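Asker: One structure, pasted below without further comment.
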Amino acid sequence: MNTDLIKYYHDRAAEYEKVYALPERQEDLATATALLKKVFSGKEVFEIACGTGFWTERIAETAASVFATDINQSVIDVAEKKSYPNAKVAFAVADLFDYQTPKPYESLFAGFIWSHILLQDLDRFIRTAAGFVAPGGRLVLMDNNYVEGSNYPLSQQDEAGNTFQTRKLEDGSSHLVLKNFPTEFFLRESWNNIATNIEFLT
């Protein structure tokens, strides 16, 4: 059992986007795509945890530019092979906790990263993410809701309250993956002292 989240996504890079082909996810994907294209239209966007660029590709259709980062070179390699005709898109391998942008951005997108942050590290994550955004800018988090039968079941919980899923890759390897599912109340309380005009969409 491998508990290293970074290695899990490194090993999953080639098969990562197969989850987006599932029929039951198409309606939600279309809704999210339309929302992100509207929110980031004409904006300079800084993206953290971009993965294989699935959402980068869609945001780039309307954004002025996208600078997308991820800690894994393997997923960046996949993302860089895609076509981005409507925006200036650049990629970099970066650990969000150690990275410093040359300037704050007017918009930030963080897709499916919140649920992979340990509860005890969330304050640091929030401060770090907020630091990438200029005053008055917009920060968008997107993540999963837990849906019985659609998500992997939760297989473990630690003393801090973090929950984990046991996932298998096509190579047969098994991974214990951190995956927290916060409530709307928890998210609002977490960001209340840093963000204004907080919206929660499902």
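Computed from the coordinates by the stated procedures, all read-outs in this text should not be read as laboratory data. Because the structure is a prediction, the values reported are computed rather than measured. Glycine gets a Cβ as well: all are built from the backbone with ideal geometry, and neighbour counts include every protein chain shown.
Asker: Quick check on packing: order 153-164, 135-146 by the mean number of other C-beta atoms within 10 Å, highest mean leading.
Answerer: Result, highest mean first: 135-146, 153-164.
Asker: Is any helix in the chain, taking whole DSSP H runs, at least 18 angstrom long along its axis by alpha carbon and on average at least -0.5 on the Kyte-Doolittle scale, and which ones?
Answerer: Result, helices passing both filters: 26-39.
Asker: If you don't mind, another one. Give the lysines reachable from K38 as a straight Cα distance under 22 Å; neighbours fewer than 8 places away on the same chain don't count.
Answerer: List returned: K82, K88.
Asker: Let me ask something additional. Percent relative contact order of the chain, based on C-alpha pairs within less than 8 angstrom and at least six residues apart?
Answerer: Once normalised by length, the contact order is 19 percent.
Asker: Within the range 28-85, report the GluC sites (Glu not before Pro) that DSSP leaves as loop and that have at most 16 other Cβ atoms within 10 Å.
Answerer: Answer in residue order: E61.
Asker: Among H116, H10, H175, rank each residue by its count of other Cβ atoms within 10 Å, from fewest to most, as a rough exposure measure.
Answerer: H10, H116, H175
Asker: In µm²/s, what is D for the range 1-116 at 20 °C and 1.002 mPa s, where D = kT/(6 pi eta Rh) by Stokes-Einstein and Rh is the Kirkwood radius from Cα pairs?
Answerer: On the way: Rh = 14.7 Å.
The estimated diffusion coefficient comes to 146 µm²/s.
Asker: Separate question: Measuring from a point 7 Å past the Cα of A64 along Cα-to-C-beta, which residues in the range 76-107 have an amide N at less than 19 Å?
Answerer: 85-91, 101-107
Asker: A further question on this structure: Provide the percentage of antiparallel DSSP beta bridges, counting only those with both residues in the chain; round to the nearest 5.
Answerer: In the chain, approximately 30 percent of DSSP beta bridges are antiparallel ones.
Asker: Please give the peptides 188-196, 103-111 ranked by average Cβ packing (other Cβ atoms within 10 Å per residue), highest first, as a rough proxy for protection.
Answerer: 103-111, 188-196
Asker: Give me P(r) over the chain, computed from all C-alpha to C-alpha distances, binned every 5 Å, as integer percentages.
Answerer: In order of increasing distance, the bins hold 1, 7, 15, 20, 22, 19, 12, 5, 1, 0 percent.
Asker: So, one more: What percent does the relative contact order of the range 18-123 come to when contacts are Cα pairs within less than 8 Å and at least six residues apart?
Answerer: Relative contact order of the range 18-123: 27 percent.
Asker: Could you work out [θ]222 nm for the chain from helices alone, using -39500 (n - 2.57) per DSSP H run of at least four and dividing by all its residues? Round to the nearest 500 deg cm²/dmol.
Answerer: Helices in the chain give a 222 nm mean residue ellipticity of -7500 deg cm²/dmol.
Asker: Calculate, for F200 and D4, the FRET efficiency according to 1/(1 + (r/R0)^6) with r their C-beta to C-beta distance and R0 30 Å; round to the nearest 0.05.
Answerer: So the FRET efficiency works out to roughly 0.45.
Asker: In whole angstrom, note down how far apart the Cα centers of the range 120-139 and the range 1-65 are.
Answerer: Measuring centre to centre over Cα atoms gives 20 Å.
Asker: Still on this structure, please answer the following. Relative contact order, percent, of the range 9-62 when contacts are C-alpha pairs under 8 Å separated by at least 6 residues? Each step should come with its number before you reach the end.
Answerer: Numbers: 26 pairs, mean separation 22.3, N = 54.
Relative contact order of the range 9-62: 41 percent.
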